[in-house]
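The values are calculated or read from the model by the stated rules, or taken from the named source; none is laboratory data. Because the structure is a prediction, the values reported are computed rather than measured. Backbone-built Cβ (ideal geometry, glycine too); neighbour counts: all protein chains shown. The protein model used for the area step is the full one, side chains on, heavy atoms only, and it has no ligands, DNA or RNA in it. Shrake-Rupley method; radii C 1.70, N 1.55, O 1.52, S 1.80 Å.
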Amino acid sequence: MEIKFLETNELKKKPEDESNLGFGTIFSDYMFLMRYTEGQGWHDAEIKKYEDFKVSPAATVFHYGQEVFEGLKAYRQVNGDIALFRAKDNFRRLNNSAKRLAMPQIDEEFAHRALRELVKIEQDWVPHEKGTSLYIRPNYMGMDPFIGVSAAKEYVFYIMTGPVGAYYAHGLAPVRILIEKEYVRAAKGGMGFAKTAGNYAASLIAGVEAHEKGCDQVLWLDAEERKYVEEVGSMNMMFVIDGKLVTPDLDGSILPGITRASVIAIARDMGITVEERRISIDEVIETAKSGAMSEAFGTGTAAVVSPVGEFVYGDETVTVSGGKMGKLALEFYDILTGIQYGEIKDRFGWTEKI
Ligand SMILES: Cc1ncc(COP(=O)(O)O)c(C=O)c1O
């Protein structure tokens, strides 16, 4: 399929202060968009001005949440090149999510090509300072103008981009995490492994309550027993216990994070033992108290690595790593960002130049 480029001369002013980009509020000039119609397949692929588009008030996505999305970044490397990080893995995950929501598969190679073309056009939007990047948000949703519970026959897939700074205002400073005892995010057999709007909608109330308690994020426990660690709001969880890297296994109710997979690969490469297994919250609290747990941190595209300084569990507050960033978390952060920004050699083949 051909990708039409509809050029606009109404270009926006790019932000001058790159130290203050924030996250998710500035959008670039163009977006990629294509549509799907049952019987016809994907059609009308175009890169066009980033602007509002018309959607029926009856659209499936508004009523039944048939939507999946992705999040990845383009980095300006130290020599000025622009690189994507594991973009193909994002499109594979998008298709896995789409399958769970009864949505047609996208052509991953085509979507990847469309992304490359979009980033090439928007290259001047990729900010320069380390820690900044061009955030990329592919989004895919059901559009039928029909109020009836069924999978849509019409869809739109689009990719929007925008320059971002650090995800957390306080950067690499350790975060305070509330262990959620009441609400759950996803149950086995549900949509936990899919990156879909409903999972985030289910999490918002806990986020509000966490903030009221002075916490930055929520740590979810499993839906059946409220006993085993799942993941954090927008990150997978990792612990260093007795020198081993321990992380919940991919059991269907957590998102298979691309940063998670990358940290596991780096750890194994460093000769660190990695255990992907169930971790009870009792083990977390006990090992944090005894000191057997030397570090706890989250991993995700937005924050890369985010150290946990404190867990709040009921009336108890437990400190990890003396409330400071751990040695391994910093090492993983340095290696990952070093690869992304082209400061160190990418022996894993994760980056691709635009
Ligand atoms: C719920 C959830 N878990 C984990 C992650 C981390 O995934 P990734 O490393 O692919 O960004 C994210 C971020 O996208 C997320 O939203």
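Below are the figures for this structure:
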item	result
Residue within the stretch 270-281 that is assigned to a helix (DSSP H, G or I), over 16 Å from the mean Cα position of the chain (by Cα) and within 18 Å of residue 178 (Cα to Cα) present	yes
Any hit, the stretch 59-66, residues being more than 16 Å from the ligand (Cβ to nearest atom), in contact with a Gly (Cβ under 7 Å, 6 or more places away or on another chain), under 30 Å from residue 263 (Cβ atoms) and of a type in the set (A, V, I, L, M)	no
Failed criterion for residue 299 (all others in (1) open to solvent by 10 Å² or more (accessible area, probe 1.4 Å); (2) touching a residue at least 60 places away in the same chain (Cβ under 8 Å) hold)	(1)
Selection status of residue 263, outside any loop (DSSP other than H, G, I, E, B), farther than 22 Å from residue 68 by Cβ, touching a strand residue (DSSP E or B) at 6+ places or on another chain (Cβ under 8 Å) and within 11 Å of the ligand (Cβ to nearest atom)	yes
Failed item, numbered, when residue 55 is tested on (1) modelled with pLDDT under 95; (2) loosely packed, with under 15 Cβ neighbours inside 10 Å	(1)
Those residues of the stretch 107-125 which are open to solvent by 10 Å² or more (accessible area, probe 1.4 Å) and not in a helix (DSSP H, G or I), in sequence order	107
Single residue of 265, 261 found to be out of contact with any helix residue (DSSP H, G or I) (no Cβ under 8 Å at 6 or more places or on another chain) and in contact (Cβ under 8 Å) with a residue 40 or more places away in the chain	265
Residue in the stretch 183-197 that is over 28 Å from residue 96 (Cβ atoms) and among the charged types (D, E, K, R) present	no
Residue list for the stretch 270-308, filter: under 30 Å from residue 22 (Cα atoms) and away from the ligand (no atom under 16 Å from the Cβ)	295
Unique residue being within 16 Å of the ligand (Cβ to nearest atom) and at negative phi when the list is 89, 124	89
Count - residues of the stretch 211-247 that are assigned to a loop (DSSP other than H, G, I, E, B), crowded, with 16+ Cβ neighbours inside 10 Å and away from the ligand (no atom under 11 Å from the Cβ)	4
Enumeration of residues in the stretch 286-315 that are among the polar types (S, T, N, Q) and out of contact with any strand residue (DSSP E or B) (no Cβ under 7 Å at 6 or more places or on another chain)	290
